[in-house]
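What follows is a short report on a single structure.
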Amino acid sequence: MSSKKMGRPPSDNPKSETIKIRIDQEIMNKLDASVEKLNTTRSDIVRKGIEKVYDDLQK
């Protein structure tokens, strides 16, 4: 028998850090609308927002 492990292969960029934030209902509605429109996840939208702010600060 082979000794290969079952499951998902390891990621090149594991996302092991978590943050918890407090937001109001208006921001949550905007986040959820963005998720629906872009067909992605809340986490991905937040990551993109952080990248955009960081890139703007580098200019």
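Taking Cβ atoms as reference points and 15 Å as the exclusive limit, the residues near THR40 contribute a net charge of +3, counting Lys and Arg as +1 and Asp and Glu as -1.
Backbone geometry of the stretch 40-56 corresponds, through the Karplus equation with coefficients 6.51, -1.76 and 1.60 at θ = phi - 60°, to 3J(HN,Hα) couplings of 9, 10, 4, 4, 5, 4, 5, 4, 4, x, 5, 4, 5, 4, 4, 4, 5 Hz, x marking Gly and Pro. Using a 10 angstrom cutoff on alpha carbons, build the Gaussian network for the chain and name the most mobile of SER43, SER34, SER11. Result for the chain, Cα springs under 10 Å: SER11 fluctuates most. Taking the protein heavy atoms of the chain in the context of the full set of protein chains, the accessible area attributed to carbon and sulfur is 54 percent at 1.4 Å.
Heavy-atom accessible surface of the chain, averaged per residue, reaches 109 Å², computed with a 1.4 Å probe. Note on LYS15: aspartates and glutamates with a C-alpha under 17 Å away, same-chain residues under 8 apart excluded, are ASP44, GLU51. Inter-label distance, ILE50 to LYS5: 2.5 nm, where each label sits 7 Å from its Cα along the C-beta direction. Only helical runs count toward this figure. For the chain, summing -39,500 (n - 2.57) over DSSP H runs of n ≥ 4 and dividing by all residues gives -17500 deg cm²/dmol at 222 nm. Among the GluC sites (Glu not before Pro) in the chain, those located in a DSSP loop and surrounded by at most 13 other Cβ atoms within 10 Å of their own Cβ are GLU17. Report the net charge of residues surrounding LEU31, where surrounding means a beta-carbon distance below 14 angstrom and charges are Lys +1, Arg +1, Asp -1, Glu -1. Taking every Cβ under 14 Å from that of LEU31, the sum is +1.
Computing semi-axes √(5λ) of the Cα gyration tensor in Å for the structure here picks out one of (1) 31, 17, 12; (2) 21, 12, 10; (3) 29, 13, 8, namely (1).
Using θ = phi - 60° in the Karplus curve 6.51 cos²θ - 1.76 cosθ + 1.60, the 3J(HN,Hα) couplings for the stretch 9-26 round to x, x, 7, 6, 9, x, 9, 9, 8, 10, 10, 10, 10, 10, 9, 8, 4, 4 Hz; x is entered for Gly and Pro. For the residue pairs LYS5/LYS30; LYS4/LYS30; LYS5/LYS37; LYS20/LYS59, the C-alpha atoms sit more than 32 angstrom apart in LYS5/LYS30; LYS4/LYS30; LYS5/LYS37. Other residues within the sphere of radius under 13 Å centred on the Cβ of TYR54, judged by their own Cβ, net out at +1 (K and R +1, D and E -1).
The values are calculated or read from the model by the stated rules, or taken from the named source; none is laboratory data. Owing to the predicted nature of the structure, the values given are computational and were not obtained by experimental measurement. Backbone-built Cβ (ideal geometry, glycine too); neighbour counts: all protein chains shown. In case anyone asks, the SASA skips ligands and DNA or RNA and just uses the protein heavy atoms, side chains included. Shrake-Rupley method; radii C 1.70, N 1.55, O 1.52, S 1.80 Å.
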